[in-house]
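Take a look at the structure set out below.
No value in this document is a laboratory result; all are computed from the given coordinates. Computed from a prediction, not measured in an experiment: that's the story for all the values here. Backbone-built Cβ (ideal geometry, glycine too); neighbour counts: all protein chains shown.
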Amino acid sequence: MAMEPSIWRHGYDLAKQTGLKSGTLYPILIRLAERGLVEAMWENEQPQGRPRRHLYRLTAAGEVTAGAVAIEDVRAKPVANRRPRRSIAIQGTP
């Protein structure tokens, strides 16, 4: 959702992308919507053979929050040891 915040996404798509099960994902989406970070709406038309689904997308505040979380995630990752590698001389080679 954060990669394309203006596009409406179905919960099923978000579940596939995140690997979260519906019992975890939908309560999170509801809480994010209550906090104004996600917009939710019903599909405009009912497709034949299935009920209408909710669609979700980030709000402007949600985009800002997602960006801040991404920055924090990068900062929290340990920095690799960046010492220069030493050359090892092998005997018998020039």
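Taking a ≥ b ≥ c as the square roots of the eigenvalues of the Cα gyration tensor, region 9-76 is classed as prolate, since a/c reaches at least 1.5 and a/b is larger than b/c. Mean sequence separation of contacting Cα pairs (under 8 Å, at least six apart), scaled by the length of region 9-76, corresponds to a relative contact order of 31 percent. Using a simple spin-label model with pseudo-atoms 7 Å out from Cα toward Cβ, Ala61 and Gln48 lie 4.2 nm apart.
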